[in-house]
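Below: the structure, in structure tokens.
The values are calculated or read from the model by the stated rules, or taken from the named source; none is laboratory data. Being a predicted model, the structure only gives us computed values, none of them experimental. Every residue, glycine as well, gets a Cβ built from its backbone with ideal geometry; the counts of neighbours run over all protein chains shown. Surface accessibility is based on the protein's heavy atoms, side chains included, excluding ligands, DNA and RNA. Shrake-Rupley method; radii C 1.70, N 1.55, O 1.52, S 1.80 Å.
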Amino acid sequence: MAEAVLQVENLSASYRKNTVLFDVNFVVQAGSLVGIVGPNGAGKSTLLKTILNLHPSLTGSVKFFGLPFNKVQKRIGYVPQRGSVDWDFPTNALDVVTMGLYGQIGWLKRPSRLHKQKAFEALEKLGMADYADRQISQLSGGQQQRVFLARALVQNADLYFMDEPLAGVDAATERAIMTLLKELKALGKTVMVVHHDLQTVEDYFDHVLLLNRTVIQYGKTKQIFTRENISRTYGGDLRWLREESLHVHNPIK
Amino acid sequence: MTYHAMWIIVTASLVGLSCGLIGVFLILRKMAMMADAISHTVLLGIVIAFIITRELSGTHMLIGAIFAGLLTAFLVQWLHSLDVQQDAAIGIVFTTMFAIGVILIATSVGNAHLDVQHALMGEITFIPWNKMSLPLIGEVPKATALLALVLFVVLFVLVAFYKEWKITSFDPALAASLGIPVLLMHYVFLCLVSITTVASFDAVGAIMVVAMLITPAASAYLWTDRLSIMLVLSGLFGVISAVAGYYIAAWVDTSISGSMAFATGLVFFISFLFSPKHGWIARYLRLHKTVKKTG
């Protein structure tokens, strides 16, 4: 059996006075590509932030590679939502990617040419080499997301958390990002992705975590991504049914 | 230029430079309101420092200001955690602390070199008369020496932790996940804002220091897409505004601090119109071009 890279036990968290997460338990094995799926307000982003200590937890414990967060920080990469930063910030794409290396560079030191080279290679890998010097506000949404992914890539982490990397991006970017995620998986890295598009879950992720304030189901996509579990996650009024949606899409093809 | 005028211009330039540098990060961290708040609450810090020590020396003022700045931040954060909106919390905290400062000046400070008028508007004209002697340099106005010290501290901290300031301003969540102490840096930054404000206090007062903090940086933001260049431009605009303000004041015989703040407004207006990247005219021309092309 593969090594457990992430162990979440009895985790709970609140925003203001509302409990948004309670009794969250799951274990992720190395090399998994996990989709975190659930309705709006299910606590998907909060789950990532609480796991990463960016949001206080009320109860519970999280272990990475069997160790607490601060011991293994360098092995963990985080891609926040694209909308969480100000893209008018005076900087360019290469500089943003270099930020992924700041933890490794350390205090009182400047990024060297080698660091810049690494950052450029990551941009290249995402098809963004031509945009390295571009002011970040001049990039399209998809290009901005690729910059964020390149930044995660240079961190060379073993476990990644990504908050909606596929939200509002063009088809080419979606393909580029999924290729990258599958490559990371092939290298034995673990990736957890907050995802909103139910149609693509089966194609993209080998594991799925169905979340609605607590874990509804977690496991191999083939086994647990069933109509019944999805409607349990989204509540009774879910109209989305796989068979029907396929019927709708087929004539267009 | 007289000896007296020279010291005024040097002092004003130091104000422009320190405020311009700090201002860049105030704007990028979206903390302009916080600067407004701290510029008022440092008065309370100064008054309390005076009441405790019975003298108005530079170090006491700096410590009082840091104390007041941090207290402001803590109180705002505390009210915010009790579900008061952020901007409302800032408004409540700084007016109350400023009011306490005003009351204390009136009741406990009495005849010292400290009054409300002075605190609000500053009095740069008197600065050259209050001197101290420093080794090697000789006689230097106290306020100018204090400003030079503060500028040195600000420059050192900004340059030494340049990449940390950049990342915590742009993407604090990523910074935290990389192990950079985002909250600690936030408070260090507030300390820098506080000491810059208090050192500039004597020269330009609590109201005008806000203009020096925000406007040059906002102007620089319109000219460049690089953080390092924005810092240089903002400092430069601060100095230009300070010097221009002095000459405007001398020319029409009016308040120096008022003229300096007015000059920052002029610099911003010119930037807003003529900046090649984000200026109004450039934008208009670009729009015109694309309309012609497509039309």
Taking the stretch B:135-152 only, how many residues are among the small types (Gly, Ala, Ser), surrounded by fewer than 23 Cβ atoms within 10 Å (Cβ to Cβ) and under 11 Å from B:Leu14 (Cβ atoms)?
2
Condition first: more than 16 Å from the chain's Cα centre (by Cα), open to solvent by less than 20 Å² (accessible area, probe 1.4 Å) and not aromatic (Phe, Trp, Tyr). Now tell me which residues in the stretch A:191-234 satisfy that.
A:Gly219, A:Thr221, A:Ile224, A:Asn229, A:Ile230, A:Thr233
Give the residue, chosen from B:Leu14, B:Leu56, that is surrounded by fewer than 23 Cβ atoms within 10 Å (Cβ to Cβ) and in contact with a helix residue (DSSP H, G or I) (Cβ under 8 Å, 6 or more places away or on another chain).
B:Leu56
For residues in the stretch A:52-83 being in contact (Cβ under 8 Å) with a residue 60 or more places away in the chain and of a type in the set (Gly, Ala, Ser), which is farthest from B:Ala176 (Cα to Cα)?
A:Gly66
Options B:Ile207, B:Ile248: the member that is in contact (Cβ under 8 Å) with a residue 60 or more places away in the chain, among the β-branched types (Val, Ile, Thr) and either buried (at least 24 other Cβ atoms within 10 Å of the Cβ) or away from every other protein chain (no Cβ under 11 Å) (or both)
B:Ile207
Would you confirm whether any residue within the stretch B:14-33 is at pLDDT below 90, closer than 29 Å to B:Lys163 by Cα and polar (S, T, N, Q)?
no
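Could you tell me which residue of the stretch A:112-141 is nearest to the other protein chains (Cβ to nearest Cβ), considering only residues that are open to solvent by less than 20 Å² (accessible area, probe 1.4 Å) and among the aliphatic types (A, V, I, L, M)?
A:Ile136
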Restricting to the stretch B:141-161, count the residues that are without any contact (Cβ under 8 Å) to a residue 12 or more places away in the chain and either more than 8 Å from every other protein chain (Cβ to nearest Cβ) or closer than 22 Å to B:His60 by Cβ (or both).
3
The one condition in (1) among the aliphatic types (A, V, I, L, M); (2) without any contact (Cβ under 8 Å) to a residue 24 or more places away in the chain; (3) open to solvent by 50 Å² or more (accessible area, probe 1.4 Å); (4) more than 14 Å from chain A (Cβ to nearest Cβ) that B:Ile100 fails to fulfil
(2)
The number of residues in the stretch A:27-53 that are open to solvent by 10 Å² or more (accessible area, probe 1.4 Å), within 20 Å of A:Thr190 (Cα to Cα) and touching a Phe, Trp or Tyr at 6+ places or on another chain (Cβ under 8 Å) is 2
Qualifying residue in the stretch B:141-148 (condition: part of a strand (DSSP E or B) and out of contact with any His (no Cβ under 6 Å at 6 or more places or on another chain)):
yes
Quick check, is B:Phe152 on the phi < 0 side of the Ramachandran plot, assigned to a helix (DSSP H, G or I), under 19 Å from the mean Cα position of the chain (by Cα) and aromatic (Phe, Trp, Tyr)?
yes
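Would you point out the residue of the stretch B:173-188, among those that are part of a loop (DSSP other than H, G, I, E, B) and at the interface with chain A (Cβ under 9 Å from one of its Cβ atoms), that is surrounded by the fewest Cβ atoms within 10 Å (Cβ to Cβ)?
Our first condition is that a residue be part of a loop (DSSP other than H, G, I, E, B); within the stretch B:173-188, this holds for B:178-181.
Still in the list and also at the interface with chain A (Cβ under 9 Å from one of its Cβ atoms): B:178-180.
Numbers: B:Leu178: 24, B:Gly179: 14, B:Ile180: 19.
Of everything passing the filter in the stretch B:173-188, B:Gly179 is surrounded by the fewest Cβ atoms within 10 Å (Cβ to Cβ).
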Where in the stretch A:1-111 are there helices (runs of 4 or more DSSP H), lying wholly inside it, with at least 2 residues that are farther than 24 Å from A:Leu166 by Cα and away from every other protein chain (no Cβ under 14 Å)?
none
All conditions in (1) more than 21 Å from B:Leu44 (Cα to Cα); (2) within 14 Å of chain A (Cβ to nearest Cβ) are true of B:Ile214 except (2)
